[in-house]
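**Student:** Handing you this structure, nothing more for now.
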Amino acid sequence: MLISNAYAGRGSELYKACIRCHGETGEGKESEKAPQIAGQYNWYLLKALSDFKSGARKNPTMLPYISNLSQLDFEELANYVSQLKVK
């Protein structure tokens with residue numbers, strides 16, 4: 001279950017590990033082959049993170065960054081990223 005967007009918790013702190021590839025505001029970086037994630041629905045981001053961790057979606061570059069995150073971490077991260085504004 002997703003927590004309210006108003007309670008993104010540690011999402012901004014967790015997102016710092018994502019900036020290298022996804023950019024400061026989630027705009028994505030073509031050089032890293034990382035898509036824009038700003039403005040995505042939190043449920044979509046949560047599903048994608050869960051699928052990457054379980055192996056249902058393959059992304060060996062991303063796996064080291066998320067493999068130690070908990071379900072609550074995923075929820076907080078997804079809620080934070082879903083609030084980023086698309087540029």
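The values are calculated or read from the model by the stated rules, or taken from the named source; none is laboratory data. All figures in this text were calculated on a predicted structure; none of them were measured in a lab. Heavy atoms of the whole protein, side chains included, go into the accessibility calculation; ligands, DNA and RNA do not. Shrake-Rupley method; radii C 1.70, N 1.55, O 1.52, S 1.80 Å.
**Student:** Rounded to the nearest 500, what is the 222 nm mean residue ellipticity of the chain from helices alone, with -39500 (n - 2.57) per DSSP H run of 4+ residues and division by all residues? Spell out each step's value before the answer.
**Tutor:** Numbers: 5 runs with 38 residues, N = 87.
That calculation yields -11500 deg cm²/dmol at 222 nm.
**Student:** How high is the relative contact order of the chain, in percent, counting Cα pairs under 8 Å that sit 6 or more residues apart? Before the final figure, lay out the partial values.
**Tutor:** Working: 113 pairs, mean separation 39.5, N = 87.
Rounded, it is 45 percent for the chain.
**Student:** As a test of understanding, state the convex hull volume per residue of the chain from its alpha carbons, in Å³.
**Tutor:** Working: hull volume 7.3 nm³, N = 87.
Enclosed volume per residue, from the Cα hull, is 84 Å³.
**Student:** Still on this structure, please answer the following. What percentage of the solvent-accessible surface of the chain, computed with a 1.4 Å probe over protein heavy atoms, is contributed by carbon and sulfur atoms? Could the numbers behind the result be given before it?
**Tutor:** On the way: 3140 of 5630 Å².
Result for the chain: 56 percent of the exposed heavy-atom area is carbon or sulfur.
**Student:** When the gyration tensor of segment 27-69 is built from Cα positions, what are the square roots of 5 times its three eigenvalues, in whole Å, from largest to smallest?
**Tutor:** On the way: eigenvalues 58, 42, 14 Å².
The three semi-axes for segment 27-69 are 17, 15, 8 Å.
**Student:** A follow-up question, please. Which whole-number percentage describes the relative contact order of segment 36-87, with Cα contacts under 8 Å and a sequence gap of 6 or more?
**Tutor:** This gives 62 percent for segment 36-87.
**Student:** Using 0.36 nm times the number of residues separating residue 20 and residue 72, minus their current alpha carbon distance, what extension gain do you get? Present the calculation step by step, with values, prior to reporting the outcome.
**Tutor:** On the way: separation 52, 0.36 × 52 = 18.72 nm, distance 2.23 nm.
The residue 20-residue 72 span can extend by a further 16.5 nm.
**Student:** At 0.36 nm per residue, minus the direct Cα-Cα distance, what do residue 44 and residue 30 gain on full extension? Give it in nm, one decimal, please.
**Tutor:** Working: separation 14, 0.36 × 14 = 5.04 nm, distance 2.09 nm.
Residue separation times 0.36 nm, minus the Cα-Cα distance, leaves 2.9 nm.
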